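Heads up: the structure comes next, in structure tokens.
The values are calculated or read from the model by the stated rules, or taken from the named source; none is laboratory data. In this text the structure is predicted, and so the values were computed from the model without any measurement. No Cβ is skipped: glycine too gets one built from the backbone with ideal geometry, and neighbour counts run over all protein chains shown.
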Amino acid sequence: MKSQAKMSLIALAITAGLSGHALAASTINEISVKQTGEGQDTLVAQTGVINAAAVTQTGNAQVATVVQDGVWHEAQVNSTGDANEVTVSQQTDWHVAAVDVTGNNNEAEVTQDGFFNQSSNDVVGNDNLVSVNQLGELNESYVEITGNENSAFVEQEGDENLAVFRVEGDNNDGDIKQYGNNNQAGLIALDLSANVGNNNDVSVEQIGNNNFGAAKGIAGNDNSVDIYQKGDNHTGFVYALAGSENDISMEQEGSNNTAYLSMTTGDDNTVDITQDGDSNTVGDSLIADIQGDDNDITIKQKGDSNGAEFQVWGDSNDVDLKQRGDANFATFGAYGTDNDFDLSSKGDNNELVAFATGEDNSIEISQEGDANFAYVDATGNDNEVNVEQDGDQNETIITVEGNNNADVTALQHRGDLNLIDLIIEGDENAAEITQAGSGNWVGGDSSSSFAASSFGVSGDNNSLMITQTGNDNLVLGSQAGNNNSISVTQSGDMNVATVVQY
């Protein structure tokens with residue numbers, strides 16, 4: 001009878017192996033081999049029903065091979081020494097395998113065929129290699145490695161598979177492939193534990209439905225997380241990454257994909273998220289968050305109803321967003337200095353919102369499509385804002401507060417019913433607004449009070465240029481400060497311009 005229980009990734013992490021690797025097979029078939037010394041070789045082969053095998057070797061140059069064919073097999077191999085090689089192969093039905101290796105130049109391989117396979121592998125030492133291949137349903141595999149230059153490969157094919165890769169040390173690699181439905185994959189830390197060290201890599205490839213690819217927590221530098229998911233309802237999960245020069249790549253193809261990134265701290269990190277499908281989300285119910293300097297964030301969404309919510313804490317961070325599809329939504333926030341935003345959306349009903357707090361931040365928004373909305377709020381000094389919209393019924397609202405802000409530009413081409421709402425406070429500000437189309441208006445000047453319904457510029461040495469080409473254009477406004485200059489050019493019919501300076 002198949003087990004209906006499915007262990008969660010967190011619950012699995014706190015599970016100590018396979019219940020102490022206890023052998024529970026019948027006394028019909030049972031083999032136990034113990035060897036102590038040098039140059040040992042063990043081969044165990046069983047064919048029948050409910051077999052059990054246990055091999056323990058202590059010494060150098062050891063080889064152990066266990067082959068079981070039948071129903072309800074369990075194998076446990078403990079090897080301690082140098083140049084150890086362990087191979088366990090179990091086929092057809094209820095399999096349980098556990099391999100413990102301690103030493104250098106160790107190699108372990110577990111292959112199980114059937115349903116309800118379980119594998120737990122613990123390796124401590126250098127130059128270790130672990131390969132686990134499980135075929136069937138309800139498979140579970142845990143690999144934990146402590147040492148240098150370790151590598152682990154887990155491949156599961158079937159439904160409701162679960163694989164966890166724990167590492168501690170340098171130059172660790174993990175490659176997890178799962179094919180089927182309801183798969184989970186990991187690299188786990190945050191005291192669920194291991195994953196302490198540098199240059200740890202995890203690669204997750206999941207093809208199927210309702211897959212969950214995760215890196216629970218990563219501590220160290222030069223880590224690489226690569227998650228590829230193809231199917232429906234995937235989740236890419238990176239939580240509590242602490243370190244620098246880490247690479248995070250998530251690629252999701254299908255519907256209702258979610259890329260979750262939270263509590264990520266460090267410098268010189270690279271985040272690349274690509275979603276191709278419907279209803280893709282970056283951030284889920286929480287806003288995707290990264291803290292540190294010199295981070296590169298690239299998000300590409302292609303499909304319908306895409307959403308991205310991201311915030312960056314630190315300096316000199318680069319954010320690049322490209323959305324292609326209908327009803328796209330994105331909110332980005334930067335808190336620091338010298339951050340660059342390049343946000344673009346092409347499609348219908350696009351909405352881009354950008355917040356920047358700090359100095360020398362650059363925000364560039366490009367929208368092409370219908371009913372676009374852009375909102376920019378920059379607080380600080382020497383910030384640059386550039387908004388360009390190409391389509392119908394576009395709306396732009398820009399608020400800049402601080403000193404020495406310049407190059408605030410809003411351009412709207414080939415669109416009707418465009419609206420620009422602008423507020424600038426500070427010294428030496430420059431704004432340029434260009435609209436081409438019908439029914440465009442800039443706004444402001446409610447009884448000539450400052451920033452009432454926007455377009456109010458306050459400060460010294462400000463310059464504002466407005467050019468509108470089309471019909472039914474309206475310019476209101478007001479400007480307060482010293483040495484300000486306003487230039488308004490309108491070409492078309494039924495244009496109204498009201499400009500006030502104090």
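Observations on the model:
- Within the range 229-238, the set of residues being over 21 Å from N199 (Cβ atoms) and either of a type in the set (S, T, Y) or part of a strand (DSSP E or B) (or both) comprises Q229, K230, G231, D232, T235, G236, F237.
- Subset of the range 431-447 (residues that are at pLDDT 75 or above and more than 18 Å from D493 (Cβ to Cβ)): A431, E432, I433, T434, G444
- Criterion: among the β-branched types (V, I, T), buried (at least 20 other Cβ atoms within 10 Å of the Cβ) and either outside any strand (DSSP E or B) or over 27 Å from the mean Cα position of the chain (by Cα) (or both) - qualifying residue of V167, V123, V143: V123
- Scanning the range 277-290 for residues that are under 14 Å from the mean Cα position of the chain (by Cα) and assigned to a strand (DSSP E or B) yields a count of 5.
- Selection within the range 250-272 - farther than 16 Å from F212 by Cβ and buried (at least 22 other Cβ atoms within 10 Å of the Cβ): T264, G266, N269, V271
- Test: L135 is surrounded by fewer than 20 Cβ atoms within 10 Å (Cβ to Cβ) and aliphatic (A, V, I, L, M): yes
Yes/no matrix, rows are residues, columns are (1) farther than 22 Å from R324 by Cα; (2) touching a residue at least 24 places away in the same chain (Cβ under 8 Å); (3) not polar (S, T, N, Q):
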site: D226; (1), (2), (3): yes, yes, yes
site: V271; (1), (2), (3): no, yes, yes
site: T274; (1), (2), (3): no, yes, no
site: Q291; (1), (2), (3): yes, yes, no
site: K302; (1), (2), (3): no, yes, yes
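- Residues in the range 126-136 that are more than 9 Å from Q156 (Cα to Cα) and either out of contact with any Ser or Thr (no Cβ under 8 Å at 6 or more places or on another chain) or part of a loop (DSSP other than H, G, I, E, B) (or both): N126, D127, N128, S131.
- Considering the range 299-384, the qualifying strands (runs of 3 or more DSSP E), each wholly inside and each with 2 or more residues that are farther than 27 Å from D427 by Cβ, run over 307-313, 318-326, 329-337, 340-348, 351-359, 362-370.
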